[in-house]
1. Looking only at the stretch 155-179, which residues are within 25 Å of the chain's Cα centre (by Cα), of a type outside the set (Val, Ile, Thr) and part of a loop (DSSP other than H, G, I, E, B)?
2. Considering only the stretch 354-389, state which residues are among the charged types (D, E, K, R) and in contact with an Asp or Glu (Cβ under 9 Å, 6 or more places away or on another chain).
3. Just give me the residues in the stretch 113-125 being part of a helix (DSSP H, G or I) and either among the β-branched types (Val, Ile, Thr) or closer than 24 Å to Pro156 by Cβ (or both), in sequence order.
4. Looking at (1) touching a Leu at 6+ places or on another chain (Cβ under 9 Å); (2) over 26 Å from Ile310 (Cβ atoms); (3) in a loop (DSSP other than H, G, I, E, B), which is the one condition that is false for Ile435?
5. Can you tell me how many residues within the stretch 73-99 are buried (at least 16 other Cβ atoms within 10 Å of the Cβ), of a type in the set (A, V, I, L, M) and either free of Cβ contacts under 8 Å to residues at least 24 places away in the same chain or not in a strand (DSSP E or B) (or both)?
6. Is it true that Gly463 is buried (at least 22 other Cβ atoms within 10 Å of the Cβ) and at pLDDT below 95?
7. Being under 20 Å from Leu512 (Cβ atoms), in contact (Cβ under 8 Å) with a residue 60 or more places away in the chain and assigned by TED's automatic domain parsing to the domain that holds Gln335 narrows it down to one of Val319, Val276, so name that one.
8. State yes or no: is Arg554 modelled with pLDDT under 95 and of a type in the set (Lys, Arg)?
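The values are calculated or read from the model by the stated rules, or taken from the named source; none is laboratory data. Given the structure is predicted, the values throughout are model-derived calculations rather than measurements. As a convention, Cβ positions derive from the backbone with ideal geometry for all residues, glycine included, and neighbour counts pool all protein chains shown.
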Amino acid sequence: MDLSTGPINTLADAPAGNGGTQNITVFRSQSTTGPITAGQFGPHEAAAYPSTAGVLFAQGSYMSTVLGIDIGTQSVKVILYDITTMQCSASASAPLALHQTNTGVAEQQAQWWTDALKTALQAIAPSLRANVIAIGVSGQQHGFVPIDRKGQPLVPAKLWCDTSTTSQCDYLTTQFGGTQACLRELGNAILPGYTASKLLWFRDTHPDLYAQMDCILLPHDYVNFYLTGEKAMEAGDASGTAFMNIRTRQWSEKMLRIIDPSTDLRDRLPSISTAVAPIGSLLPNIAHELGLPSGIPVAPGGGDNMMSAIGTGNVISGVVTMSLGTSGTIFSYSQTPVIDPQGNIAAFCSSTGGWLPLICTMNCTTAMERMRELFDTDLGSLERNLSAADRGAGGIVTVPFFTGERTPDLPNGKACMFGLDSHNMRQENFLRSAIEGVTFGLRNGLKLLTAQDIPAEKIVLTGGGANSPTWRQMVADICNVPVDILTNAESAALGAALQALASISGTNLQSLTAAHLQTDTAACCEPQQDAVDFYQEHCRTYEHAAAHVEDIYR
């Protein structure tokens with residue numbers, strides 16, 4: 001079916017939420033006929049757009065779905081979110097391969113992302129895909145995707161979890177004037193996960209290919225480029241490159257000249273956008289490949305943490321998001337830049353006009369997966385083991401630095417276990433100890449945020465680990481903060497979908513998230529005081545153990 005690429009009917013003088021009138025733009029298929037009346041808009045629409053001059057979409061045969069895409073490390077996920085029912089109408093995912101070595105290399109081919117996107121969308125019924133009116137893309141942060149003039153990637157993308165560029169980090173830090181100069185002028189220290197050291201590595205390791213580089217993109221930027229042909233960056237994801245001044249949201253000429261004194265690398269970078277407006281439209285040939293309507297708008301998107309902030313309602317002060325994914329992240333919205341003098345907090349920008357101070361731990365569900373593999377345990381058995389073990393795992397303390405660590409900055413770190421004896425070496429204790437160790441690391445991140453006067457009224461938990469009831473309660477007890485769970489667990493993809501809706505409706509994201517995000521009250525957790533008291537003491541034991549690991553592998 002040939003679908004319209006824009007509004008084809010406007011209802012003037014429809015009732016607005018504030019008692020006035022507003023124009024309502026309706027997207028529908030060209031095959032739809034007959035008049036459209038204000039009566040076709042139901043209570044969901046009215047709730048979704050209180051007192052806004054926004055865009056409402058009719059029910060029935062009219063197009064009312066936004067597509068959220070999340071380019072992760074382990075998979076590509078897609079959700080179709082129906083803005084009239086405020087429900088996810090379909091979702092799918094496709095796995096991704098990951099090339100890793102024991103030297104710290106972690107890479108993916110950019111084509112793997114677009115191939116997996118095609119696979120995931122093919123699992124969704126064509127009739128549902130035909131109703132999509134806008135697209136938003138979330139992507140893993142920091143990945144380095146240099147492309148040539150034909151738009152082809154020049155090398156495999158080095159990812160956020162690649163720790164092979166520590167020597168380049170040291171060089172850039174020294175040349176910039178030291179860590180404090182980086183914090184003062186950029187807002188961030190130069191860490192191996194960030195993009196800057198990857199760019200220097202590319203210049204030094206592949207000079208011939210480097211000479212062919214036309215543009216530098218991040219993973220979600222590359223997928224946007226694939227969809228629209230437009231090269232664009234937005235401030236949230238760009239703030240994780242370590243060559244952007246997070247206060248001014250401008251590229252750092254000084255850092256870029258250190259990376260390449262002979263080239264103005266600003267000419268190889270898109271301009272930084274802070275707007276929510278669409279960056280372009282879906283190309284006809286790509287629309288055909290994906291089974292989507294041609295010409296629909298594509299929103300700016302953003303890094304997975306920035307989109308997850310939107311998808312968890314972390315767009316106002318007091319909300320803290322904790323993501324239990326491949327990595328562990330904990331972050332909160334701020335109206336002003338938050339720069340930690342020690343450099344332990346990533347001073348990122350949000351994708352909603354503010355800032356998003358964030359702590360990342362490299363090992364979250366990866367630690368769980370390593371332990372599951374060790375004991376050949378499926379997810380159902382894992383949950384039974386976690387609940388069977390006592391708090392404190394019989395005295396076993398696991399410092400889970402399986403792939404090095406970012407917080408603390410320990411790229412060569414290794415996982416270590418303490419407190420083993422002849423009585424506690426049981427499967428359930430090993431498994432619970434790993435999860436407790438991960439959560440202690442995130443608790444330390446929360447302490448760093450609150451030390452910067454960032455309030456933590458509640459933690460919204462997301463990511464694969466949030467599916468575990470035992471882990472959810474553990475987070476509430478260890479952090480001594482109430483834990484909320486939302487009905488839609490795919491926060492990054494949902495955040496991208498809501499940003500897509502904002503980009504075409506003009507509705508601010510604070511209003512959209514308040515209207516569209518729903519809490520799963522049965523899954524929420526309150527801290528239990530006896531457990532809080534126990535974990536306060538046990539966490540001190542973990543901190544002593546982690547300090548020993550730092551001494552060994554620093």
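1. Applying the first criterion (within 25 Å of the chain's Cα centre (by Cα)) to the stretch 155-179 yields 155-166, 169.
Okay, now just the ones that are also of a type outside the set (Val, Ile, Thr), so 156-162, 164, 169.
Within the stretch 155-179, Pro156, Leu159, Trp160, Cys161, Asp162, Ser164 meet the criteria.
2. Within the stretch 354-389, Arg372, Arg384 meet the criteria.
3. Correct list: Trp113, Thr114, Asp115, Ala116, Leu117, Lys118, Thr119, Ala120, Leu121.
4. Ile435 satisfies every listed condition except (3).
5. The total comes to 3.
6. For Gly463, the condition - buried (at least 22 other Cβ atoms within 10 Å of the Cβ) and at pLDDT below 95 - is met.
7. Numbers: Val276 fails: assigned by TED's automatic domain parsing to the domain that holds Gln335.
None of the other options fit; the residue is Val319.
8. On the way: modelled with pLDDT under 95: yes; of a type in the set (Lys, Arg): yes.
Considered against the rule, which asks whether it is modelled with pLDDT under 95 and of a type in the set (Lys, Arg), Arg554 comes out as yes.
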